[in-house]
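Undergrad: This is the structure I have questions about; it appears just below.
Every number here is computed from the coordinates shown, using simple stated rules; none is lab data. Nothing here was measured: the structure is a model prediction, and the numbers come from that model. In this analysis, Cβ positions are derived from the backbone assuming ideal geometry, glycine residues included, and neighbour counts consider all displayed protein chains.
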Amino acid sequence: MLPKLIELIYDYCRTESFNTLYELVSRSNEKAYVAEAIDSTFVSSVRHHVDKLEHNITAYMGSPNSLATAQVPHRYVYTNDELGFNYCLPTRNSASSDGQIEQIEEFVGEKQCFAASYADNLASGLHIVTEPEGGRSNYWLTAVICNGQVQRGEWFEGASDKGVMTRPIWKSMSRLPMYAHAPAVDICNAESLEQRVAHLSSGLLPSDRGKYA
């Protein structure tokens, strides 16, 4: 099973060199937008690219309240009048995000195709984590539920030997050393998944390696 998945990843990434879990891909206007933001000298959450990103996210989500802050509009006074999130996204980050969201449908489509290929190539009894009914996943990190901790460990070792990066899911917070003495409820299901879930290579292809379809 693992050799088949390794070959799938090699084929998708179009390289047998080290394959990471995810790479930041710039195929369109990201570099130009970031350069524009740097030249503008603005570093705070003001100006064109911040406003543009807020508009694009609101348009994509189809809701006027996709982004909201509790800041009272004013020319120079900054104050809040209600409880809420006050996101301060720097202009340069907004510029890069502007370029990414312009391609969001293309990116999500490619990642869904790749996740479907994983599902088609998994052996019977293994389960890929798919989008919930009524939802749509971007498959940021494709996850597969292994039959047990031993099998997952074998996958990690075998994939690493072939230059393919994999990783477990995050540990439950109650199992981290700094929270060892904090109150915690029974999370047996989460703990079971923590021992069996593996993340597989899930990135997009850089522009010099084409696209996955």
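Undergrad: Quick one: Karplus J couplings for segment 138-155, per residue in order, coefficients 6.51, -1.76, 1.60, θ = phi - 60°, nearest Hz, x for Gly and Pro?
TA: Values, residue by residue: 8, 6, 3, 10, 5, 10, 10, 9, 7, 6, x, 5, 5, 4, 4, x, 5, 4 Hz.
Undergrad: Val197's amide H: which non-local residues (gap 5+, or another chain) put their own amide H closer than 5 Å, with H modeled 1.01 Å from N in plane and none for Pro or chain starts?
TA: Result for Val197 returns Cys146, Ile169.
Undergrad: Sort 171-178, 147-154, 182-189, 136-143 by packing, meaning the average of other beta carbons within 10 Å per residue, with the highest value first.
TA: Highest-to-lowest ranking by the protection proxy: 136-143, 147-154, 171-178, 182-189.
Undergrad: So who's got an amide H within less than 5 Å of the one on Val164, skipping anything under 5 residues away but keeping other chains? H placed 1.01 Å off N, in plane.
TA: The answer is Asn19.
Undergrad: Which of the lysines could be linked to Lys52 by a straight reach, that is with a Cα gap under 28 Å, when you skip same-chain ones fewer than 8 residues away?
TA: Within reach: Lys31, Lys111, Lys211.
Undergrad: How large is log10 I(q)/I(0) at q = 0.13, 0.21 Å⁻¹ when the Debye formula is applied to the Cα atoms of segment 113-188, each weighted equally and without solvent?
TA: Each listed q maps to, in turn, -0.57, -1.11.
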